[in-house]
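Asker: The following block contains the structure, expressed as structure tokens.
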Amino acid sequence: MDNKQRKIPLYQKVKDFKDNKPISLHVPGHKNGEIFVSEAKGYFQPFLQMDLTELNGLDDLHAPEGVIQEAQELAAAWFQSNYTYFLVNGSTVGNLAMILATCDPGDQVLVQRNCHKSILHGMELAGVQPIFLPPAYDKTKQRYTGPTVVTIKKAIDTYPTAKAVILTYPDYFGNTFPLNEIINMAHSRNITVLVDEAHGCHFSLPYLSVASAVELGADIVVQSAHKMTPALTMAAYLHVQTSRIDSQKLSYYLQMLQSSSPSYPIMASLDLARYYLASYTREQSEDLFTYIEQMRTCFTDSDDWILEQSNDPLKLCLRVKGRVNSQYVKQLFEEEKLFPELTTDKHILFILGLEPTIDPIILTEKIRRIKDKLIFSSKRATIEDKNHYFNEDITPLVLSYADMQHQKQKWCSWDEAAGKIAAEAIIPYPPGIPLIAKGEEIREITVRKIQDLFAQKMSFQPNNRRNGLYIYDVTEGE
């Protein structure tokens, strides 16, 4: 490890401040954990003692010049970016800020259609014209992956004045695509590349042999530290790589969008997550890969599921066979206190950490009990393949974001929704990828897909759209 990377300046400053037993005559109101609900005080107090504010020596996230600045510089050095910002509102705020800082109203932006909802929100706030890139469909895995190089080349040729391309790499399931080739193609046409790498913070580890978007040369990259590395929820990084990004505008939007009272525990955890990655050893990686193989052996194929391969070794995805209901399989796992990250109509995703956390012998026994229950299960499912729900063409929105502001809305039942223009996004959560985007024409196959997911009790945002959604009241001739 580089000697500089041995430092944890922000965490150390917060710890030193706490250890000095300060008397709080400032916010927050729990006063270093002295005032708190008695039933929870003992549980929360160690954490509350580090929940500080911008006091002397603790620096200011929105005007860093001390320990926060030093911690961000150490992160930039580790991740090999020109500059790294700490984010306390998750990758969501990073996605919003990078779009607002890069794009102007009316700009054409090429964007992967199976993107996170925050990307769509960022484009709406920026007032850009999104051009949706259809993702490739993997027939074997029965789900969408990333856009192909051919698709992006066609989009660039069709929309040569596009300002930016926004990509998601890797996808939720840990699968990658030829990002380096796409970045080079975009840069050759002077197109800025923005990457939502929420699930790829750990790719900075050389032992995983998966290149991060930062390493591959994207102009700006967002990473959720909390998703795949040991950091608190909402902890994220924003990495700036090139002069195509206006750092002054980016800082402005981060000040606008992030809390003016940023969490010191979250920021300290970002400092610690960088330190953890920088100090991760080859021996740890060898232990990890042994553990991963043990986990894959535990989850090996059965009569009811297939264990998929992923570019990210920490992602274990079961593709449930059609004879059994995925929600029921999830229920059986949860009865064994095994909680998956994500369940769709066909897939159950488990995410491992960077160190072993469960005894393979215990896991094997739990999965044996699950398989035994499935033998006698009556929870069967015949699932029609309705997964081709995204438009296969490169398409803009039917209505611009500017036009949407002046259109009236009305309620529409799902039975009548096909062919209408959505006035809201319909989003299974997780993973937070809208099946219907605001301003998009609603397709019949997408309606059927959504109705199937509701029938399987999948979670949606908004959560009260079982019977229909709001559409734009566009009359004939307009």
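Asker: Mind telling me which of the residues P64, P28 ends up being more than 28 Å from the chain's Cα centre (by Cα), surrounded by fewer than 22 Cβ atoms within 10 Å (Cβ to Cβ) and on the phi < 0 side of the Ramachandran plot?
Answerer: Only one candidate qualifies: P28.
Asker: On to the next question. Please go through the range 217-226 and pick out each residue that is of a type outside the set (S, T, N, Q) and outside any helix (DSSP H, G or I).
Answerer: G217, A218, D219, I220, V221, V222 - these are the residues of the range 217-226 that are of a type outside the set (S, T, N, Q) and outside any helix (DSSP H, G or I).
Asker: In this structure, does T229 turn out to be among the β-branched types (V, I, T) and surrounded by fewer than 20 Cβ atoms within 10 Å (Cβ to Cβ)?
Answerer: Criteria not met by T229.
Asker: For V398, indicate whether it is surrounded by 15 or more Cβ atoms within 10 Å (Cβ to Cβ), modelled with pLDDT under 95, of a type in the set (A, V, I, L, M) and not in a strand (DSSP E or B).
Answerer: Criteria not met by V398.
Asker: Are there any pairs with C-beta distances below 6 angstrom linking a residue in the range 65-82 that is in a helix (DSSP H, G or I) to a residue that is crowded, with 19+ Cβ neighbours inside 10 Å and of a type in the set (A, V, I, L, M), with the two at least 6 apart or on different chains, and if so which?
Answerer: Listed pairs, sorted by first residue: V67/L10; I68/L10; I68/L61; A71/L10; W78/A278; F79/V214.
Asker: Oh, and also: Would you please name the residue that is farthest from S263 (Cα to Cα), looking only at residues in the range 23-44 that are among the polar types (S, T, N, Q) and part of a loop (DSSP other than H, G, I, E, B)?
Answerer: If we take residues in the range 23-44 being among the polar types (S, T, N, Q) and part of a loop (DSSP other than H, G, I, E, B), then S24 is farthest from S263 (Cα to Cα).
Asker: Still on this structure: If you scan the range 318-342, which residues turn out to be within 23 Å of the chain's Cα centre (by Cα), of a type outside the set (D, E, K, R) and modelled with pLDDT of 95 or more?
Answerer: Hits for the range 318-342 are L318, L338, F339, P340, L342.
Asker: Same structure, new question: Here are some residues: P130, P170, P135. Which one is part of a loop (DSSP other than H, G, I, E, B), in contact with a strand residue (DSSP E or B) (Cβ under 7 Å, 6 or more places away or on another chain) and at pLDDT 95 or above?
Answerer: One residue alone meets the criteria, P135.
Asker: Can I ask one more? I'd like to check something: does the range 177-192 contain any residue that is at positive phi and either assigned by the TED database to the domain that holds G439 or not small (G, A, S) (or both)?
Answerer: The answer is yes; a qualifying residue exists.
Asker: Tell me the helices (runs of 4 or more DSSP H) entirely within the range 227-300 that contain at least 3 residues that are in contact with a Phe, Trp or Tyr (Cβ under 6 Å, 6 or more places away or on another chain) and either modelled with pLDDT under 95 or outside the structural domain of C317 (by the TED database) (or both).
Answerer: Where helices (runs of 4 or more DSSP H) fall fully within the range 227-300 and carry at least 3 residues being in contact with a Phe, Trp or Tyr (Cβ under 6 Å, 6 or more places away or on another chain) and either modelled with pLDDT under 95 or outside the structural domain of C317 (by the TED database) (or both), they are 264-278.
Asker: Looking at D345 and the list (1) under 30 Å from L133 (Cβ atoms); (2) surrounded by fewer than 17 Cβ atoms within 10 Å (Cβ to Cβ), which single condition is not satisfied?
Answerer: (2)
Asker: Within the range 176-216, track down each residue that is touching a strand residue (DSSP E or B) at 6+ places or on another chain (Cβ under 8 Å) and assigned to a loop (DSSP other than H, G, I, E, B).
Answerer: I191, E197, A198, H199, G200, S212
The values are calculated or read from the model by the stated rules, or taken from the named source; none is laboratory data. On a predicted model such as this, the values are computed, not experimentally measured, just so you know. Note that we place each Cβ from the backbone using ideal geometry, even for glycine, and neighbour counts take in every protein chain shown.
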